[in-house]
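A.B. asks: Quick one: this structure, given as structure tokens, is what I'll be asking you about.
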Amino acid sequence: MQFSQKQRENLVKKLTEFITEHECAVCHSKEWTIAERIYAMSDYYPHGFVPTGFRVPFVVLSCAKCAHSILFNAIGLGIVDAKTGELTDG
Ligand SMILES: [Zn+2]
């Protein structure tokens, strides 16, 4: 699911509180990019089978230099409503 312009602005504002001085664990760069979409993670199931059900939504930040990525739970950030699963305005 892709962010609207307003959602993206609010997300950048919120994440800036956390990552302004955050250093990449791999290359020590302090430049990060935010993915344009929210990604979901589910339990692992063998043979590629993924049943329907709850998946944890994540915002992905990637180091602008080496692409090492870190995840933020989108519900915890207030970007996804825990009850409806819909994107909020943050
Ligand atoms: Zn890096």
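What follows draws every value from the coordinates through simple rules; no lab data is involved. All values derive from a computational prediction rather than experimental measurement. Backbone-built Cβ (ideal geometry, glycine too); neighbour counts: all protein chains shown.
A.B. asks: At what distance in nm do the modelled label points of A64 and R8 sit from each other, each positioned 7 Å from its Cα along Cα→Cβ?
C.D. replies: 1.5
A.B. asks: Please identify the chymotrypsin sites (Phe, Trp or Tyr not before Pro) of the chain that satisfy two criteria: DSSP loop assignment and at most 12 other Cβ atoms within 10 Å. Which are they?
C.D. replies: Within the chain, the qualifying chymotrypsin sites (Phe, Trp or Tyr not before Pro) (loop, at most 12 other Cβ atoms within 10 Å) are Y44, F49, F54.
A.B. asks: I would also like to ask the following. Name the GluC sites (Glu not before Pro) in the stretch 1-69 that are in a loop by DSSP and that have at most 15 other C-beta atoms within 10 Å, would you?
C.D. replies: Sparse-neighbourhood loop GluC sites (Glu not before Pro): E21, E23, E31.
A.B. asks: Taking Cα pairs under 8 Å and at least six residues apart, what relative contact order does the stretch 5-73 come out at, in percent?
C.D. replies: Normalised by residue count, the contact order of the stretch 5-73 is 29 percent.
A.B. asks: First measure r as the distance between the Cβ atoms of T52 and F18, then evaluate 1/(1 + (r/R0)^6) with R0 = 41 Å and state the FRET efficiency to the nearest 0.05.
C.D. replies: Calculated value: 0.80.
A.B. asks: Starting from the Cα of D43, step 7 Å along the direction of its Cβ; do the same at H28; then give the gap between the two resulting points in nm.
C.D. replies: 4.3
A.B. asks: While we're on this one: What aspartates and glutamates sit close enough to K14 to cross-link, taking a C-alpha to C-alpha distance under 12 Å and skipping anything fewer than 8 places away on the same chain?
C.D. replies: Cross-link targets: D89.
A.B. asks: How long is the stretch 5-73 along each principal axis, judged by its Cα atoms, biggest number first, in Å?
C.D. replies: Dimensions of the stretch 5-73 along the principal axes of its Cα atoms: 39, 31, 16 Å.
A.B. asks: Using Cα atoms only, what is the angle between the long axis of helix 5-19 and the major principal axis of the chain, expressed in degrees (0 to 90) to the nearest 10?
C.D. replies: The angle comes out at about 60 degrees.
A.B. asks: Count the net charge of all other residues whose Cβ sits under 15 Å from the Cβ of K65, scoring Lys and Arg as +1 and Asp and Glu as -1.
C.D. replies: -1
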